[in-house]
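Structure first, commentary second.
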Amino acid sequence: MIDKSKGRVHFIGVGGISMSALAEILLGEGFAVSGSDRTNSPLITSLEEKGLTFYNGHSEKNITDDTALVVYTVAVKYDNPELIEARRRGIDVIPRSRLLGEIMEKYKYTMAVAGTHGKTTTTSMLAYIFTYAKKDPTIIVGGGLDLLNKKTLRLGKSQYLIAEACEYYRSFLDFKPFCATVLNIEPDHLDYYKDKEDFQSAFVDFIHNIIPGGYLIACIDDPDMDRIIKEAKANIITYGIEKDADFTAKDIEFNDGYPTYTLVIKGEEICKVTLSVTGSHNILNSLAALANAYVLDIDMKQAAEYVGMFKGAVRRFEYKFDVNGAKVYDDYAHHPTEVKATVESAVKLPHNKLYCVFQPHTYSRAKTFLDKFAGSFKGADRVIVADIYAAREPFDGSISSQIIAERICQQGVDAVGISGNDKIAEYIKSKAMPGDIVVIMGAGDIFKIYELF
């Protein structure tokens, strides 16, 4: 990584969750750091208090004579004026993932959590275990945690680092972890990956980066995980519920949607685990976290207690407020499997009617998984489909919220497409009654709807 004496590090899009965390790490290490973004935010203000030089807006003028390194994310386009100017000057330009990979190499015990679904939750569970076990970890997580005062970063002073490993654009191939957790490998991001084979090949490459003596922690319940395990050159720990695994759960019970189970490790019953997050999928996430703790010599009974203290991350089935006596939950779900898991979690909670507001994320994902999305809402009384969040994609007219709503109706679930957050908010306020549940899902800007309540 760059020598801090050679100049400052500039972040394009410094207000993002991952970018702001990396900027804070460098500031804490004494680097001169600057960053730009389209708008200011409380997150950026916090960084300014730590020494960040912030530029509101993107301009070639933000790249100056003392700029030694420029960091960007995949969301930054090639025509960004700061990228153009940095390259014109011959300044080193690297993606966010490469910087994170270089930071991770400074730690002896790095835990990288990968998979299509569940990364933030599993990383958060690890954060609770290793913090309360007094291991003083550095934590980089994709959602704000109560443990971190709703922040996404904790700077520790030990040799432990816990971080999410994102597969988009093969970003996680810049990491060389000690423990690589693969939660699942269901295809996604097919706007970048060619097909299922291409997507899963990235995970094969990822586990080949595990350092000598390290561990692959893999969910054996995933139907395609055998391919990953066969390719592994590391030590292997498996977990699952449906198949024979090193870590499993038995005597599973649900109390108002919250799971309790007996932890079994290599055939031996260890202790009871009671989770404070709902859904069967979180049993698997907790097993993944406990397997990491086991590998790194955390007492299992203590780890089970600490994982049960986790009550959810920001935008992961997060309770927001009541509307007309109905409980409103916020969730980041944007893939059919995630949507299905969130709906199933809501169904297990006591309720009268269940309303789901869903904002599809990207036209390509909506088209590719149209039928799977349509079948993901079983148990809901009514689904409101918001306008598709385009993100990085142009509109081609081949998919819409109305088409998705019609396909959901064909699956026997009442659904309607409604355009505009204001109209959706009014609809919910006119329908929701005491005892109902409203779940608002999506990875775009659907969260802005809360201001209208």
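For segment 341-376, the list of chymotrypsin sites (Phe, Trp or Tyr not before Pro) that fall in a loop by DSSP and count at most 10 other C-beta atoms within 10 angstrom is empty.
Restrict the search to segment 157-195; then list the trypsin sites (Lys or Arg not before Pro) that DSSP places in a loop and that have at most 16 other Cβ atoms within 10 Å of their Cβ. Provide the component values of the computation, followed by the final result.
Values: sites: LYS157, ARG170, LYS194; in loops: LYS157, LYS194.
In loop regions of segment 157-195 (DSSP not H, G, I, E or B), the sparsely surrounded trypsin sites (Lys or Arg not before Pro) are LYS157, LYS194.
Directionally averaged projected area (segment 4-95, Cα convex hull): 5.2 nm². Over all projection directions, the Cα-based convex hull of segment 67-207 averages an area of 9.5 nm².
Can you tell me what percent of all Cα-Cα pairs in segment 107-307 are more than 28 Å apart? Numbers along the way, then the final one.
Details: 4227 of 20100 pairs.
The answer is 21 percent, as a whole percent.
Which of the pairs LYS230/LYS378; LYS77/LYS106; LYS151/LYS353; LYS119/LYS157; LYS320/LYS353 have their Cα atoms more than 26 Å apart in this structure? Mind dumping the intermediate values first?
Values: LYS230/LYS378 35 Å; LYS77/LYS106 30 Å; LYS151/LYS353 33 Å; LYS119/LYS157 23 Å; LYS320/LYS353 18 Å.
Violating the 26 Å limit, Cα to Cα: LYS230/LYS378; LYS77/LYS106; LYS151/LYS353.
Taking a quarter of the surface of the Cα convex hull of segment 142-227 gives a mean projected area of 7.0 nm². When the P(r) of segment 333-453 is calculated, the portion above 19 Å amounts to 41% of the C-alpha pairs.
Under the simplified labelling scheme, the PHE453-LYS320 pair shows an inter-label distance of 0.5 nm, with each label point 7 Å from Cα along Cα→Cβ. Sorted from longest to shortest, the spans of the Cα atoms of the chain along the three principal axes equal 62, 54, 41 Å.
Read-outs throughout are calculated quantities, based only on the coordinates presented, and are distinct from any laboratory measurement. On a predicted model such as this, the values are computed, not experimentally measured, just so you know. Note that each Cβ is placed from the backbone with ideal geometry, even for glycine, and that neighbours are counted across all protein chains shown.
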